[in-house]
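Right, one structure below, let's go through it.
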Amino acid sequence: MKNSVCLIVLSLFVFGSIVFAQDNTNKEVNKTLKLMSYNIKFASPTYEPLWDVRREWQVNMIREYNPDIIGTQEGLKEQVDYLQDHLPEYVVIGEGRKGGDDDEHMAIFFKKDKFRLREMGSFQLSATPDIIGSGPSVNPRLVTWARLAIINRTAKGEASPNKMDYRGHWENTQEFYIFNTHFFNGKADSLARESAAKLIMERVNELNRFGRWTKERPIFLMGDFNCRPGSVPYKTFVGDKSSDNQLLFEDSIEGGQGIDWVLHKGNVNVVNYERVQYNVDGVYPSDHKPIFVEFKILDN
């Protein structure tokens, strides 16, 4: 009998430890965000391999890395639709840079079982940012943005901290912003890139909170910026070693790297940074390599 009681107690202890560990794991997962920025290369008939070949590679790569959120650049409607059809766990938002389905998209894909969409929008990188499609007639540029909330469900067996008819502030809901863009390219467009960076900073700084009634919302800016660390747009976003402006972003990798960046500001830490080397027999599915960054949201 004593042995039976000991066995039961031990079983309960082990089972309880597993449940506790799972609950803790779930809570920890809710504090992590895995972001990917990826210029998927538009479906050009002159680019090898053709989209019909490399599209499956891109789906396989995304499944392998399993990002929570993906910001894509250059995707035409057929490309964005293909990825959405073959990655049904994601919701996709964004429009073409000439409005609607026209031209290249700066799409944002996010896991529908992990996030709720609170707000979304686009603005043009032009003198009239609220007029979608404005700017140069060839290769206009756009920003897609979203305010997302992490879905926060009470763990199984836990009592909810709120009453059934609760109507107050959901103080335990963590929200954040994602901005995704693709800058002008070419030496002649250096001033356009600088102006674009200043415009984005103006829009981002409008989101700074004016009171303590809500949690801080981290902000993530990702994209293909067509310029390198040390350039004027880069310094507009992150400053330099002597900068003490608290409104600036930080790069996910110290000192920056390449032209594809994932920048951040707010109460987050970088856990892992990777320039993805996914290829098939030495052939890459795009002329860009995805940037994959895992963040941890810190307690306020």
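Go through Val270, Val204 for me and flag whichever is under 23 Å from Asn66 (Cβ atoms) and either of a type in the set (Gly, Ala, Ser) or in contact (Cβ under 8 Å) with a residue 24 or more places away in the chain (or both).
After ruling out the rest, the residue left standing is Val270.
State the number of residues belonging to the stretch 170-210 that are part of a strand (DSSP E or B) and aromatic (Phe, Trp, Tyr).
3
Is there any pair linking a residue in the stretch 96-120 that is at positive phi and touching a residue at least 24 places away in the same chain (Cβ under 8 Å) to one that is of a type outside the set (S, T, N, Q) and part of a loop (DSSP other than H, G, I, E, B), with Cβ under 7 Å and at least six apart or on different chains, and which?
Listed by first residue and then by second, the contacts come to Gly99/Ile132; Gly99/Gly133; Asp103/Arg97.
Within the stretch 47-77, work out how many residues are in a helix (DSSP H, G or I), charged (D, E, K, R), out of contact with any Pro (no Cβ under 9 Å at 6 or more places or on another chain) and surrounded by 13 or more Cβ atoms within 10 Å (Cβ to Cβ).
The number of residues fulfilling the criteria is 1.
Identify, please: which residue in the stretch 92-114 is in contact with a helix residue (DSSP H, G or I) (Cβ under 8 Å, 6 or more places away or on another chain) and not in a loop (DSSP other than H, G, I, E, B) and is, among those, nearest to Ser134 (Cα to Cα)?
Going through the qualifying residues, I end up with Gly96.
In this structure, does Arg228 turn out to be basic (Lys, Arg), surrounded by fewer than 18 Cβ atoms within 10 Å (Cβ to Cβ), touching a Gly at 6+ places or on another chain (Cβ under 9 Å) and free of Cβ contacts under 8 Å to residues at least 24 places away in the same chain?
In short, no.
Being surrounded by fewer than 18 Cβ atoms within 10 Å (Cβ to Cβ) and touching an Asp or Glu at 6+ places or on another chain (Cβ under 8 Å) is the requirement here; does Asn279 meet it?
Criteria not met by Asn279.
Table: residues versus (1) touching a Cys at 6+ places or on another chain (Cβ under 7 Å); (2) over 29 Å from Ile150 (Cβ atoms); (3) part of a strand (DSSP E or B).
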residue: Leu221; (1), (2), (3): no, no, yes
residue: Gly230; (1), (2), (3): no, yes, no
residue: Lys235; (1), (2), (3): no, yes, no
residue: Lys241; (1), (2), (3): no, yes, no
residue: Gln257; (1), (2), (3): no, no, no
residue: Asn269; (1), (2), (3): no, no, yes
residue: Asp287; (1), (2), (3): no, yes, no
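Out of (1) under 14 Å from the mean Cα position of the chain (by Cα); (2) closer than 17 Å to Val143 by Cβ; (3) of a type outside the set (A, V, I, L, M, F, W, C), the odd one out for Gly121 is which?
Checking Gly121 against (1) under 14 Å from the mean Cα position of the chain (by Cα); (2) closer than 17 Å to Val143 by Cβ; (3) of a type outside the set (A, V, I, L, M, F, W, C), the one that fails is (1).
Taken together, the values in this text are just the output of simple stated rules run on the coordinates, not laboratory data. Every value quoted in this text rests on a predicted model; they were computed, and no experiment measured them. Quick reminder, even Gly has a Cβ in these numbers, built from the backbone with ideal geometry, and neighbours come from all protein chains shown.
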